[in-house]
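Colleague: Before anything else, here's the structure in question.
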Amino acid sequence: MTQFHWRLPMHGDKADIGNSAVSRGNWSALRDGNQTPGLRHGRPDGFSYHDHLLEVAKAIEIAGFDGALIPSFPITDDPWVAATSIARQTRTFRFMIAFQPEWFNPLYAAKASASLQRLSGGRLLFNIITGGGGPQQLWWGDRIAHDDRYRRTTEFLDVFKGVWNGGPFSYDGKFYKVENAGLPEPLAGQKWPELYFAGSSNAALEAQGKHADFNLTHLEPIEQLRVKFDRVRELASKEGRRVKPAVRFNIFARRTEEEAWAEIRRAWGNVDWARYAGRFGQVRGDAVGSPSLSMHMPGPDKRVEDLKIGKFWAGFLPLGDPPALGVVGSYEQAAEAIDSLIDIGVEGFILAGTPHLEEALRVGEEVIPLVRGTAGIADIAAE
Amino acid sequence: MSFEFLWRLPVHGDGRAFRKDEWHRGDYARLETSRRVFARTGLGRDGFTYYDHLSQIARAAELTGFDGVFIPQSAAGEEPLVVAGALAREVRSLKLVPSLPAPFLSAVYTAKIGVSFQRLTGGRLAFDFVTEEPTPNAWHGHKWSVAEQIARTDEFLDVVKGFWNNKAFTFHGRYYEVENGGFSDALSGQTLPTIYLSGETEEALALSAKHADVHFLPLEPAAQLRARIADLDARARAHGRALRYGLQADIFARHSDGAAWDYVRRLWEEAAAKTVSISGNPAASLPLKAEAFDALIEGPNLWTGFGHVRSGPAAGLVGGYADVAERIAEYVEAGVSSFAISANPHLEEAYRIGEQLLPQVRARIGALRAA
Ligand SMILES: Cc1cc2nc3c(=O)[nH]c(=O)nc-3n(C[C@H](O)[C@H](O)[C@H](O)COP(=O)(O)O)c2cc1C
């Protein structure tokens, strides 16, 4: 059954897609109108950004999504901290923790994951990321080069899987060596946390063939995606496995097409081009497969109309929200765009929209029920 | 000097008996009885998970006046970091002290987790870092010596602190490397979590002198601890630092000395009636002898039999409320200010200790100060 996830805005959020300032969370100066923290009688009101994340998680849950991706970057709050706290305060919400294998030893990761499964009744999944190299990788304390990082990811998952149901499991790899390991009871044998897996390079796709449940890709033009998914399928079948395609993008949908574009034009007029250049201007590192970042960085000379690519729109970066390609239109058009992806085999969606709380409810209520290609979430909505 | 009481959470099940295989709270034991088990994570028949029970215990500790919860690392128990996150928003004021194995973690990532926890809890996180004796059958399949674990923890803490306190932090060590690290923007300006460490080896003492805020001492009569404290004070001074000291202990306190000892003796005899095997503790797999009980009394109200019947601290305090309060006051006088204590069953005992023992302890410490 197709999975529909939303995304937690771990880097703060804007109250309106047409604003340039982040006013939810303390990623910019505290002003009246900000929240978590906000100002009350001129003083910080004592709330933290987690209070907002919790609200968003509950909105996502009520809107009928399976759960949400929890991204992890140097400037964000931490997904383990968010997930463990949110687990106690939601019922069905599944948390997809973005995770680089360098962050925990695989044994510790297995134990913490098993414990989180027990805490949440099996609601954990992962987005396994291998990192984009460059200064950010060194910030994290990791200087392993691109292809070796994927080798480490593969070894990490070999060990993580090897000990999940108990032991004894021994392994003699380049990065990990363990002897007679295995999760002890009652941690052993918890529900397996499905693995989404990001990365488009050859090294990434090979690693996915062995371990991924989903290949997670930023939205690209349909023909490009079709080629990539064929390759994913081919490499996975060499391993005798099936890896399901999944796509991440933003949706900006309104009652009518005109309404949606009018809003986008308003937002385009408010873009802070200097800030945008600072944030996405230089993409350094060794990542191979982020065409949406490197190819679609429109400047102020572009008009909104210039950026249409088939059913998609390539202007989301200046609005502050990667990936570049996403969907703008009426509720029906947004549902059709989703269907066109289901038609080429996509089985997992990670959607988002700004502001995340309000748009989760809108997309969950107005768009997903119109998607033909799936019985899943529409059924839940009809119950 | 301020002092604090932390309640140690039972992360691998709980029950009235000494022996884990008779515990009915949680699904951590292979039960030999057919009695009903509650809060069984995963089976869900009653809809409760063991985390509901942990949450209940933490709230009890908060309501009865504890300052925090200590979340021990244990092989077959819930992971302390996950427990701390689960409890973060369920208790309002309690300090959360998860116990972590530094060599298994990225130092930068742990610092990041720390920052995010401080943001989530309003600065209530502290870190306890542990090492363990290598054993051939350790579940994690690693055989690092204690000295190596300490060497890794040392660098780990250099990185955590450097990263936390600097804007452009660079470090090239044996185990960790960082370039241009440091928190910016929304993540900057949080309070570094208090660092708890323990251990009696030369390496452990050196590590504490350099990095600990609080060092856990072994539970011995107060007179013996004075020498350890003087030694560690001197070592810390060499780094221009001052340490605080802590104890971890089981406390079985009752309205009278006799009632407490009778109770513990009965639990011991019940445990001794069966063969015991406790992973990771060689002493514990010896057959228990009912008559060995008295030989394990090592001082007034100080009994060292706990390590023979389960994992966790070996020694504990047994006695009437007044006597145990007196012992604790002696420790405070000797320089101890953190007490991570427990007794099973943890929910009921949190109430007992919070309501009946701690007020007496506070009264005595108040009197000491006044004197
Ligand atoms: C959908 C998606 C989500 C990602 N999320 C994160 C993230 O949360 N944190 C992070 O550091 N990198 C993230 N990345 C980047 C990956 O770590 C990696 O740099 C990227 O996939 C490039 O891999 P490649 O060189 O194999 O193509 C994400 C990538 C994708 C496609």
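Colleague: With respect to A:Ala114, is the statement that it is more than 9 Å from chain B (Cβ to nearest Cβ) and surrounded by 24 or more Cβ atoms within 10 Å (Cβ to Cβ) true?
Modeller: The answer is no for A:Ala114.
Colleague: Quick check on the range A:80-90. Is at least one of its residues within 12 Å of the ligand (Cβ to nearest atom) and more than 9 Å from chain B (Cβ to nearest Cβ)?
Modeller: no
Colleague: Please determine, by comparing only the residues of the range A:60-74 that are more than 14 Å from every other protein chain (Cβ to nearest Cβ) and of a type in the set (Gly, Ala, Ser), which one is surrounded by the most Cβ atoms within 10 Å (Cβ to Cβ).
Modeller: A:Ala68
Colleague: Now a separate question. Of the residues A:Tyr171, A:Tyr150, which single one is touching a Ser or Thr at 6+ places or on another chain (Cβ under 7 Å) and either within 16 Å of the ligand (Cβ to nearest atom) or open to solvent by 40 Å² or more (accessible area, probe 1.4 Å) (or both)?
Modeller: A:Tyr150
Colleague: Now, a different point. For a quick check of your reading: which helices (runs of 4 or more DSSP H) sit entirely within the range A:318-383 and have at least 2 residues that are more than 18 Å from A:Pro245 (Cα to Cα) and at pLDDT below 95?
Modeller: The helices (runs of 4 or more DSSP H) meeting that bar are A:376-382.
Colleague: In the range A:174-194, how many are under 17 Å from A:Lys210 (Cβ atoms) and either open to solvent by less than 20 Å² (accessible area, probe 1.4 Å) or touching a strand residue (DSSP E or B) at 6+ places or on another chain (Cβ under 8 Å) (or both)?
Modeller: 2
Colleague: Report yes if A:Leu235 is in contact with a helix residue (DSSP H, G or I) (Cβ under 7 Å, 6 or more places away or on another chain), under 30 Å from B:Ala76 (Cβ atoms) and either within 15 Å of the ligand (Cβ to nearest atom) or touching a residue at least 12 places away in the same chain (Cβ under 8 Å) (or both), otherwise no.
Modeller: No.
Colleague: Say whether the condition of being within 12 Å of the ligand (Cβ to nearest atom), open to solvent by 10 Å² or more (accessible area, probe 1.4 Å) and either away from chain B (no Cβ under 14 Å) or closer than 20 Å to A:Ala98 by Cα (or both) is met by at least one residue in the range A:259-268.
Modeller: no
Colleague: Out of the range B:87-100, which residues are open to solvent by 10 Å² or more (accessible area, probe 1.4 Å), assigned to a loop (DSSP other than H, G, I, E, B) and more than 7 Å from chain A (Cβ to nearest Cβ)?
Modeller: Passing the criteria: B:Arg92, B:Ser93.
Colleague: Sticking with this one: Kindly list, by first and then second residue, each pair from a residue in the range A:301-317 that is without any contact (Cβ under 8 Å) to a residue 24 or more places away in the chain to a residue that is in a helix (DSSP H, G or I), limited to pairs with Cβ atoms under 6 Å and residues at least 6 apart or on different chains.
Modeller: Listed pairs, sorted by first residue: A:Ala314/A:Leu307.
Colleague: Another one. Only one of these is part of a loop (DSSP other than H, G, I, E, B), closer than 21 Å to B:Arg89 by Cα and either under 20 Å from the mean Cα position of the chain (by Cα) or away from chain B (no Cβ under 13 Å) (or both): A:Asp77, A:Asp16, A:Asp32. Name it.
Modeller: A:Asp77
Colleague: Please work out which residue is nearest to A:Ile251 (Cα to Cα), limiting yourself to the range A:212-224 and to residues that are surrounded by 20 or more Cβ atoms within 10 Å (Cβ to Cβ) and within 14 Å of the ligand (Cβ to nearest atom).
Modeller: Out of the qualifying residues, it is A:Leu219.
The values are calculated or read from the model by the stated rules, or taken from the named source; none is laboratory data. Treat the numbers as computed from the prediction; the structure is a model and nothing was measured. In this analysis, Cβ positions are derived from the backbone assuming ideal geometry, glycine residues included, and neighbour counts consider all displayed protein chains. Ligands, DNA and RNA are stripped out before the accessible areas are found, and what is left, the full protein with its side chains, is counted by its heavy atoms. Shrake-Rupley method; radii C 1.70, N 1.55, O 1.52, S 1.80 Å.
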